[in-house]
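Here's the structure we're looking at; comments come further down.
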Amino acid sequence: ASAVQETLAKAEADLLALKAEEFAERVSKYPTDRRLKFQTGEVMYALGRVEDAMANFQAAKEDPKLRVAAGHMLGLCFEKDGWHDVAIGEFKEAMENIDATNRDRELDIRYDLMISLINHARKDQSIDHAKEALDICSSIARKNITYRDIRQRRKEIDSLTKELSGEGS
């Protein structure tokens, strides 16, 4: 089974490399196409090339139709780089721009915002960030208790909140 997994992983990596080449060529031909920039950003993010992904998502964000999706992905890039406060700003801005055309992305953005808040709370020992994460967690659970690992996240945030407020010692 591991030989099959290795073969699959290599095939997926080769496919991403091909996509990266393809999108680089397309972007060079159509430098103002924001959708291409977004798609290139997705490939760069999947390849772990976060800085390249960021530049593409920032360009894509200039298109009002892509603002929410690009902002969400940009937030994920910042989070991956450990810039929790900047990621939080991107996620919140993306949330402010949600409308009927991209409502399906709202729970994902809220969840990713919650993760950034948890990470920021840990890094800065901030009870306020932990409480904000708890509020978001509760609202996601009320909407969809089966969403991702929301039950586990609730336990994690409860524990973090107790620790930061001094109740855990």
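The values are calculated or read from the model by the stated rules, or taken from the named source; none is laboratory data. Everything quoted here is computed from the prediction, not taken from an experiment. Glycine gets a Cβ as well: all are built from the backbone with ideal geometry, and neighbour counts include every protein chain shown. Only protein heavy atoms, including side chains, enter the accessible area calculation; ligands, DNA and RNA are left aside. Shrake-Rupley method; radii C 1.70, N 1.55, O 1.52, S 1.80 Å.
Within the stretch 1-81, list the GluC sites (Glu not before Pro) lying in a DSSP loop whose Cβ has at most 13 other Cβ atoms in a 10 Å radius. In loop regions of the stretch 1-81 (DSSP not H, G, I, E or B), the sparsely surrounded GluC sites (Glu not before Pro) are Glu62. Counted over the stretch 11-114 with a bin width of 5 Å, the fraction of Cα pairs per bin, in whole percents, is 2, 15, 23, 22, 19, 12, 6, 0. On a 24 Å Cα-Cα criterion, which of the cross-link pairs Lys123/Lys162; Lys61/Lys92; Lys29/Lys61; Lys19/Lys92 come out too long? Going by Cα-Cα distance, Lys19/Lys92 fall outside the 24 Å limit. Within the straight-line cut-off of under 20 Å between alpha carbons, the aspartates and glutamates reachable from Lys143 are Glu96, Asp99, Asp104, Glu106, Asp108, Asp112, Glu132, Asp135, Glu156, Asp158, sequence neighbours fewer than 8 places apart in one chain being disregarded. Scalar couplings 3J(HN,Hα) for the stretch 137-153, obtained by applying the Karplus form with A = 6.51, B = -1.76, C = 1.60 to θ = phi - 60°, are 4, 4, 5, 5, 4, 5, 7, 7, 5, 8, 5, 6, 10, 4, 5, 5, 4 Hz; x denotes Gly and Pro. Only Cα sites of the stretch 35-169 enter the Debye sum here, all with the same form factor; the resulting log10 I(q)/I(0) across q = 0.14, 0.15, 0.18 1/Å is -0.64, -0.73, -0.97, listed in q order.
Leaving out ligands, DNA and RNA, and with a 1.4 Å probe, what % of the accessible surface on the stretch 38-169 is carbon or sulfur? Show your work: numbers first, answer last.
On the way: 3100 of 6840 Å².
Carbon and sulfur together cover 45 percent of it.
Hey, what's the chain come to in accessible area per residue, 1.4 Å probe, Å²? Counting only protein heavy atoms, the per-residue value for the chain is 58 Å².
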